[in-house]
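Enquirer: Questions regarding the structure given below will be posed in turn.
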Amino acid sequence: MQVTTTREALSENPVRVTGFVAGRFVEAKGEVISVLDPSTERPIAILHESDADEVDRAVTAARRAFDHGPWPRASIADRQKALMAIHDLILAHADELAALESINTGIPLGQTKLMHVTRAAQNFRFFSEYVNQAGGDVFTQEPGLLSLVTYEPIGVCGLIGPWNMPLGLTAMKIAGALAFGNCCVVKPSELTPLTVTRLFALIAQAGILPEGVLNLVNGRGHVTGVSLVSHPDIDMVSFTGGTETGTAILTSLAKGIKGGAMELGGKSASIVYADADLDLALDGALLGSFMNNGQMCLAGSRIFVQRKIADPFIERFAARTKALSVGDPLAPGIEIGPMINHSQRERMSRYAETGVKDGATLLTGGHRHAGFNAGYYFEPTAMLAPDNSIAICQEEIFGPFATLQVFDEEDEVVAKANDSKFGLVGYVWSEDLKRAMRTASALRTGTVMVNTPIVRDLRTGFGGYKQSGLGREGAQGSRAMFTEMKSTIIAQ
Ligand code: NAD
């Protein structure tokens, strides 16, 4: 893949995106898909879709590397060295990768640099350190009998990523899978293949990994994705994406009695008690709703405000939402870029209309942004909802769209926060730590943030209750996902 990171160069000469199998990029053939820049609606890449045959070659290369190659048999020190080399490579190309990510996703440059690229590198550093500490267990039963628990690589991992944080989320999977000695086939979203494909080129150029350890297939879910998850030689799939897709993947994996780690959708509650530090809570609720263009699984965009402070909080939230700077994600100071595509923008408009029909009040936004001739821009939106049962409070909207509701009592807000098919994250804002902790423990979510906006600590597991997923990513969660646990009982 060639290196061009200016929008002009990419739209004049769109890059070719192909798969990468057994140590080299494959010949550009297959169904051709245009990858668009959401800020201009112009093609920036031509994706040559990996068909079932190419997926088969990628899985076979990974299987060969796993069964016969050096990677699963390498010392931990050698694996650490390779992971840190990838970490260094990402940081050395941070500006280029961040620019590519912003052009492809529409997410503001400051955010792609920090969250997508820096975080991608951190994943490799973290797992290079964690794999050295993640030992097994030893138990004694009776004199002379020892039980050992060890963790072995699971084999060939299919790693499928979404479009909202292509590099960061895929890097998390690659780093975890490689650290434990696996070989992989990676499939990025067909909407945003650029940074992951570029990372493959950089790793190949630097000669960091043995042939077949890391393979790439590019294409749509119903073609490339389906071929990957139904391939008999895949041992597991780590997937991040929508709940419906996760269900389809799990159904396919069930036929081969294979595991799937699923990081799925969310509709996270942000609970603001009257005794909260209101400036902090307001900043946190805004960040939780609008960071990454609001296109975040862990968005805390279902906001509950206690009645005593509701009027001033809602007024300030709406004013701050209205004042967010919307525009070219490459321009300095921009807080919200365009939605990923036309259908995502239309979806936002439909939710704003449905909200009004269901009795919600539009506080600000709700429309396609009028200030741009091209690009999928949408006004940052806040709606006051009459209750938690309406669609805008139950369904994942996945854009800069916050709902606010007013509550009176602690029990009431906990019940409403838990009244969701999702259970990814909960946010609690209160200066009364006992109450905050009571609320945190009552929330049916995989993660709770108390008096802080989004923080990711890789030593903890991230994942969801209910329809937000299966399994956890990070430290022990990644080890559980990417290894088989083996018990060996030894009579001495
Ligand atoms: P998506 O489910 O449409 O697509 C995700 C990936 O799956 C893409 O690469 C796609 O090509 C592939 N895919 C689609 N159908 C497939 C199939 N049948 N078999 C195999 N692969 C298939 O999701 P998206 O729209 O790219 O991402 C947005 C969703 O991801 C949101 O629901 C969001 O909440 C979720 N997400 C979750 C997390 C998390 O950590 N829980 C993080 C980010 C995004």
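Enquirer: Please enumerate the residues belonging to the range 195-205 that are within 14 Å of the ligand (Cβ to nearest atom) and either touching a strand residue (DSSP E or B) at 6+ places or on another chain (Cβ under 6 Å) or basic (Lys, Arg) (or both). Spell out the reasoning first.
Expert: Initially, the range 195-205 is screened for residues within 14 Å of the ligand (Cβ to nearest atom), giving 195-197.
Passing the criteria: only 197.
Enquirer: Output the residues belonging to the range 67-105 that are among the polar types (S, T, N, Q) and either more than 20 Å from residue 5 (Cβ to Cβ) or not in a helix (DSSP H, G or I) (or both).
Expert: Start the filter on the range 67-105 by keeping residues that are among the polar types (S, T, N, Q), which leaves 75, 80, 102, 104-105.
The answer is 75, 80.
Enquirer: Looking at 299, 276, 285, which is the one that is farther than 15 Å from residue 381 by Cβ and modelled with pLDDT of 95 or more?
Expert: Values: 299 fails: farther than 15 Å from residue 381 by Cβ; 285 fails: farther than 15 Å from residue 381 by Cβ.
Answer to the selection: 276.
Enquirer: Moving to a separate point now. Pick out the one residue from 39, 11 that is assigned by the TED database to the domain that holds residue 122, farther than 17 Å from residue 188 by Cβ and in a loop (DSSP other than H, G, I, E, B).
Expert: Working: 11 fails: in a loop (DSSP other than H, G, I, E, B).
On inspection, the qualifying residue turns out to be 39.
Enquirer: Can you name the strands (runs of 3 or more DSSP E) wholly within the range 422-492 that have at least 1 residues being modelled with pLDDT of 95 or more, within 11 Å of the ligand (Cβ to nearest atom) and of a type in the set (S, T, N, Q)?
Expert: Values: elements: 425-429, 447-450, 483-491.
Those strands (runs of 3 or more DSSP E) span 447-450.
Enquirer: Moving on to the next point. Out of all the residues in the range 298-316, which are in contact with a strand residue (DSSP E or B) (Cβ under 7 Å, 6 or more places away or on another chain) and either under 18 Å from residue 264 (Cα atoms) or not assigned by the TED database to the domain that holds residue 396 (or both)?
Expert: 298, 300, 301, 302 - these are the residues of the range 298-316 that are in contact with a strand residue (DSSP E or B) (Cβ under 7 Å, 6 or more places away or on another chain) and either under 18 Å from residue 264 (Cα atoms) or not assigned by the TED database to the domain that holds residue 396 (or both).
Enquirer: Take the range 42-62 and flag every residue that is crowded, with 21+ Cβ neighbours inside 10 Å and part of a helix (DSSP H, G or I).
Expert: Result: 54, 55, 58, 59, 61, 62.
Enquirer: Right, residue 397: in the same structural domain as residue 319 (by the TED database), aliphatic (A, V, I, L, M) and part of a helix (DSSP H, G or I) or not?
Expert: On the way: in the same structural domain as residue 319 (by the TED database): yes; aliphatic (A, V, I, L, M): yes; part of a helix (DSSP H, G or I): no.
Judged against the criteria, residue 397 is not a match.
Enquirer: Go through the range 137-165 and give me each residue that's of a type in the set (S, T, N, Q) and loosely packed, with under 14 Cβ neighbours inside 10 Å.
Expert: Pass one, the range 137-165, residues of a type in the set (S, T, N, Q): 140-141, 147, 150, 164.
Once the filter is applied, which keeps residues that are of a type in the set (S, T, N, Q) and loosely packed, with under 14 Cβ neighbours inside 10 Å, the range 137-165 yields 140, 141, 147.
Enquirer: Would you call residue 491 touching a residue at least 40 places away in the same chain (Cβ under 8 Å) and buried (at least 18 other Cβ atoms within 10 Å of the Cβ)? Steps first, answer last, please.
Expert: On the way: touching a residue at least 40 places away in the same chain (Cβ under 8 Å): yes; buried (at least 18 other Cβ atoms within 10 Å of the Cβ): no.
It is false that residue 491 is touching a residue at least 40 places away in the same chain (Cβ under 8 Å) and buried (at least 18 other Cβ atoms within 10 Å of the Cβ).
Enquirer: Something else now. Among the residues in the range 223-233, are any touching a Gly at 6+ places or on another chain (Cβ under 7 Å), within 16 Å of residue 466 (Cα to Cα) and modelled with pLDDT of 95 or more? Don't jump to the end; show me each part of the working.
Expert: Going through the range 223-233, the residues touching a Gly at 6+ places or on another chain (Cβ under 7 Å) turn out to be 228-229, 232.
From the residues that got through so far, the ones that are within 16 Å of residue 466 (Cα to Cα) too are none.
No, there is no match, as no residue in the range 223-233 is touching a Gly at 6+ places or on another chain (Cβ under 7 Å), within 16 Å of residue 466 (Cα to Cα) and modelled with pLDDT of 95 or more.
The values are calculated or read from the model by the stated rules, or taken from the named source; none is laboratory data. The structure displayed is predicted, hence computed values, not measured ones. Heads up, the Cβs are rebuilt from the backbone with ideal geometry, glycines too, and the neighbour counts pull from every protein chain shown.
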